[in-house]
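Student: Attaching a single structure in structure tokens format; questions to follow.
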Amino acid sequence: MLFSFYPLGVSPLKVQMPALSPTMEEGNIVKWLKKEGEAVAAGDALCEIETDKAVVTMESNDDGVLAKILVNEGSRNVRLGTLIALMVEEGQDWKQVEIPSPDAAPPSEAPPATQAAAAPSAPSPPSPPKPVTPGPLRLSPAARHILDTHGLDPKLATPTGPRGLITKEDALNLLKTSPAPKAMPSVVASSQPSPISAPAASPPPPGSRPNIPPVSVPGKPGAPGTFTEVPASNVRRVIAQRLTQSKTTIPHSYASIDCDMAAVTQLRKDLAKEQIKVSVNDFIIKAAAVTLKEIPEMNVTWSGDGPHALNSIHISVAVATDKGVIAPVIKDAANKGVQEISSNAKALAQKARDGKLLPEEYQGGSFSISNLGMFGISGFSGVINPPQACILAVGTSRPELQLCEDDQTLHTKQLMTVTLSSDGRLVDDELASRFLDKFRANLEQPQRMALA
């Protein structure tokens, strides 16, 4: 057993899975940085935890000795508040630590394990599973796929998940106790007629998904139409949840404008001669921050009780990582120079790719920027990051011939399309148009930003 009692055990200091981000509901134990029996001081790094945003180092709140690690490295989907380790005070015998009994609910993997352990004690002769009590069926995606693929009636499965959810393990247990696959019904029927074959021969329940594509077999080449399940990281799951929330609860409105990049291009060349290297995106961040300062009605967020006007201008900049897109925040961007913005953006982007961002480095943004110009994307629309009101999508610059009204001659301009996605509850079309017009003026005349 994982948990036990010592007759005269030492009372432990409990270490629980903490909330390391506002949206975190569970985490993965990446690595323990202390070993059992090792002394720990307050502020020492205990372990690395993968949250829904990044890999964060968990620090100890107490002095003492790490007595027992209850959740090992590599454990996934550990819920908040779960007991992950025990410590004892300095001078106490850590080997005699009292390990509390699991009075709380076990981790998500525990119910299937208990079910699997109890299975051998069941009667050995196969018998048809008993249908569960009538009511609405709740199936996990993996369980639904297994039952649909093998043509099994979900009503015959015994749910062990929360609130009557049929889990993947429940479906596998039903598959083990079910008769031969329906691909050989005639052989089974001719050799031993049995009423057990009825569930397998029955068609899938109404409303279920078709039995295609078939599941692939690990270690064997995939047949046409097969697929392989890919476990989603915490970051990917949260991205999916927040994007769905944004597109289903926020009324998105879109507006685009073209900006002449000639002045920014020339200024970058002049700065490069002085060994000052800044990117186009750095100027875009600065222009957006200055424009928000000039039009404070845009610097708002939406909460349950309505709009909240913000006093600070923090720009979230989207960064692509191996685990998904994360947006570190440039704090007080309107009050920083382009060179300082460039230095901050580079450092934060590298930390994001390494999974080392601290919570305060990706929280609290008031306006988002996503730039795909480096990939040759001419234009696109971003999805708002709630509770923010806007996101600016930036495309690549392109040469375009335009007629000069003064002398009626053709001139080539380097134009860049930006598209503003705004929350219609906070930003109406007129306000969005004013913002884009002011943003373009700031970007086309960079000297304006120094005076704002």
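The values are calculated or read from the model by the stated rules, or taken from the named source; none is laboratory data. Remember, it's a predicted structure, so these values are computed and weren't measured experimentally. Neighbour counts run over all protein chains shown; Cβ positions are idealised from the backbone, glycine included. In case anyone asks, the SASA skips ligands and DNA or RNA and just uses the protein heavy atoms, side chains included. Shrake-Rupley method; radii C 1.70, N 1.55, O 1.52, S 1.80 Å.
Student: May I ask you to compute the full-extension gain from residue 277 to residue 339, defined as 0.36 nm times their residue separation minus their alpha-carbon distance, rounded to one decimal in nm?
Tutor: 21.5 nm
Student: By accessible area of protein heavy atoms, probe 1.4 Å, what ranking do 94, 32 get, highest first? Before the final figure, lay out the partial values.
Tutor: On the way: 94 75, 32 25 Å².
I get 94, 32, largest accessible area first.
Student: Another question about this same structure. Among residues other than residue 326 whose Cβ falls under 12 Å from its Cβ, what is the net charge (Lys/Arg +1, Asp/Glu -1)? Could you put the intermediate results ahead of the total?
Tutor: Details: positive: 53, 236, 242, 323, 351, 353, 356; negative: 52, 322, 354, 361.
Charge balance in the 12 Å sphere: +3.
Student: Determine the gain in length on full extension of the stretch residue 165-residue 42; use 0.36 nm per residue of separation and subtract their C-alpha separation, reporting nm with one decimal. Mind dumping the intermediate values first?
Tutor: Working: separation 123, 0.36 × 123 = 44.28 nm, distance 4.16 nm.
The residue 165-residue 42 span can extend by a further 40.1 nm.
Student: For a test of the definition: using alpha carbon positions, the gyration tensor, and the 1.5 limit on a/c, classify the range 250-450 as rounded, prolate or oblate. Could the numbers behind the result be given before it?
Tutor: Numbers: a/c = 1.69, a/b = 1.24, b/c = 1.37.
Here the range 250-450 falls in the oblate category.
Student: Set the Förster distance to 41 Å, then compute FRET efficiency between residue 410 and residue 431 from the Cβ-Cβ distance, nearest 0.05. Don't skip to the end; give the middle numbers.
Tutor: Working: r = 35 Å, r/R0 = 0.85.
That gives a FRET efficiency of 0.75.
Student: So, one more: Starting from the Cα of residue 332, step 7 Å toward the Cβ, then list every residue of the range 347-369 with an amide N under 18 Å from that point.
Tutor: Counting backbone N atoms under 18 Å from the label point, the list is 348, 360-367.
Student: For residue 138 and residue 101, FRET efficiency with R0 = 25 Å and r from the beta-carbon atoms, rounded to 0.05?
Tutor: Values: r = 30 Å, r/R0 = 1.20.
Given R0 = 25 Å and the Cβ-Cβ separation, E is 0.25.
Student: Enumerate the lysines that residue 336 could reach by cross-link, defined here as Cα to Cα under 25 Å, with residues fewer than 8 away along the same chain left out.
Tutor: Result set, ordered by chain and number: 269, 273, 277, 286, 293, 346, 351, 356, 438.
Student: If R0 is 45 Å, what FRET efficiency do you get for residue 89 and residue 347 from their C-beta distance, rounded to 0.05? Walk me through the intermediate numbers first.
Tutor: Working: r = 39 Å, r/R0 = 0.87.
It comes to 0.70.
Student: Taking the highest mean first, how do the peptides 365-376, 302-313 order by number of other beta carbon atoms within 10 angstrom per residue? Write out the running numbers ahead of the final one.
Tutor: Values: 365-376: 19.2, 302-313: 12.2.
With the highest mean Cβ count within 10 Å placed first, the list reads 365-376, 302-313.
Student: Starting from the residue with the highest accessible area, list 270, 63 in decreasing order, probe 1.4 Å.
Tutor: On the way: 270 60, 63 80 Å².
The most accessible residue leads, giving 63, 270.
Student: Run the count for the range 13-88, please: Lys pairs, Cα-Cα under 17 angstrom, 8 or more apart or on different chains. It would help to have the intermediate numbers written out before the result.
Tutor: Values: 14/34; 14/35; 14/68; 31/53; 31/68; 34/68; 35/68.
Within the range 13-88, the lysine pair count is 7.
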